[in-house]
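The values are calculated or read from the model by the stated rules, or taken from the named source; none is laboratory data. Just so it is clear, the model here is predicted, and its values are computed rather than measured. We place every Cβ from the backbone using ideal geometry, glycine too, and count neighbours over all the protein chains shown. Just the protein is used for accessible areas: all its heavy atoms, side chains included, with ligands, DNA and RNA removed. Shrake-Rupley method; radii C 1.70, N 1.55, O 1.52, S 1.80 Å.
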Amino acid sequence: MPRQPREGSALRAAPLLLLFFIPPAPSSPSSNLRPLEPGGAAPPRLVRGPGGLGRARLPEEPAWTRSRSSDTPYELPEHIPMEGPLQTFVHVCHENGQWMSQLPENLWDIPLYNLALPGSHDTMTYCLDKSSAVSANESKLVKFLNKCLPCIVHPIIMKWSITQVLTVTEQLEAGVRYLDFRIAHKANDPSMNLYFVHMVYTTVTVQDILWEILRWLETHPQEVVIIACRNFDGLTKRLHNHLVACIKEIFQCKLCPRNVVPTLRTLWHLGHQVIVSYEEEMELGKHCELWPPIPYWWGNKTSTRALIRYLERMKRMGRPGKFFVAGINLTENLRYILVHPFGSLKKMTLQSLPCLKIWIKQQYPGPKRKCINIIAGDFIGNNDFVKDVIELNTKINPPLLCQSEVEQIAFNSQLPNL
């Protein structure tokens, strides 16, 4: 089974010497960032919908009283730009902590790979170690420059590597059910400790986070979490055995074997709460508790338009048969960094959310070619991302229906430059 292409960073291959000419950031915000005005729109109010699902409702919206058949497709209003103003609020909606247990009964027999599940991209980057050495997987040039000029290089690496600010428990409580774990072993570390990595290593170990997830699951017995173990930088066969043993020891009977059709009713009956996908073929053959790697649609784009165009092209090609991820995360490149000397991945992401929010609302979960499953993004506590993905499940009315051609045409007509 071939490995999926790794998601990269422009900093890995970019000549960082060019970045040394970037002046220091000003003390005041950049003039092109428009803060929310005091008289701006009120934040969305949270209401309850069918099956207990929460929904973000703007003040001018009517209450959620429409039936499934009266829903109209969400369109892209002309006044919403493709790259929106910076939004800085982070909202953890604790209503979503139990959202799976609150789904209506007609969804309990649908496999999880035919439901809409919110996920976080590079889940563990909220705790990257500022004093960490650069990952052994990075280029020799990056490691050399970081060692010689850490005061210049390391801040650049950090501001383009952090993709989340909420802890793993906060992400789960916010409703995230897909965790993207990039696992690594530090070079020259004689211990068996494993860490998470995205250019640099995290302050916490993999084992500690697995225990933290278990504690959360024990207080949320009807919630199911998908853990994607990926990359495995520096892991030997011995370390793989150690990692799998830790996973099995910690989760025990909560692990769902890959021969089980993962519907909520089945998982609740069997007591399974964890699905672990593992990006190492040798280990899959030895452990029935490990699922195959979950395909991740990574656009590797710097603009929202290009990312949406990529995702729509992937949908036309047809969804995989089981779990897969549509990544709505943008990716910087050297040119983007040079053009935005005071930027960061966070600013890049938050400015794209208004348009991506509308694209998300256009999607349908289900088994058909153009349907979606997991949607994963960066900085998941912003702009009601999680609630919007969860709400897609209200469109399911078995037999499953996917997005109509009329709705697709309506959406595309608003994006003439895609």
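Values computed for the structure shown
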| quantity | calculated |
| --- | --- |
| Residues being of a type in the set (Lys, Arg) and either open to solvent by less than 10 Å² (accessible area, probe 1.4 Å) or over 23 Å from the mean Cα position of the chain (by Cα) (or both) - total across the range 255-293 | 2 |
| Those residues of the range 299-319 which are open to solvent by 50 Å² or more (accessible area, probe 1.4 Å) and under 19 Å from residue 121 (Cα atoms), in sequence order | 300, 301 |
| Among the residues listed as 172, 166, 239, the single one being closer than 22 Å to residue 327 by Cβ and part of a helix (DSSP H, G or I) | 172 |
| Odd one out for residue 187, checked against (1) under 20 Å from residue 376 (Cβ atoms); (2) of a type outside the set (Val, Ile, Thr); (3) open to solvent by 10 Å² or more (accessible area, probe 1.4 Å) | (1) |
| Members of the range 191-224 found to be within 28 Å of residue 263 (Cα to Cα), open to solvent by 10 Å² or more (accessible area, probe 1.4 Å) and in a loop (DSSP other than H, G, I, E, B), listed by number | 219, 220, 221, 222 |
| Per-region count, the range 368-410, residues closer than 19 Å to residue 179 by Cβ and either at pLDDT below 75 or among the aliphatic types (A, V, I, L, M) (or both) | 8 |
| Any hit, the range 166-175, residues being under 21 Å from residue 261 (Cα atoms) and under 20 Å from the mean Cα position of the chain (by Cα) | no |
| Close pairs (8 angstrom Cβ cut-off, 6 or more residues apart or separate chains): free of Cβ contacts under 8 Å to residues at least 40 places away in the same chain in the range 305-317, part of a helix (DSSP H, G or I) and hydrophobic (A, V, I, L, M, F, W, C) anywhere | none |
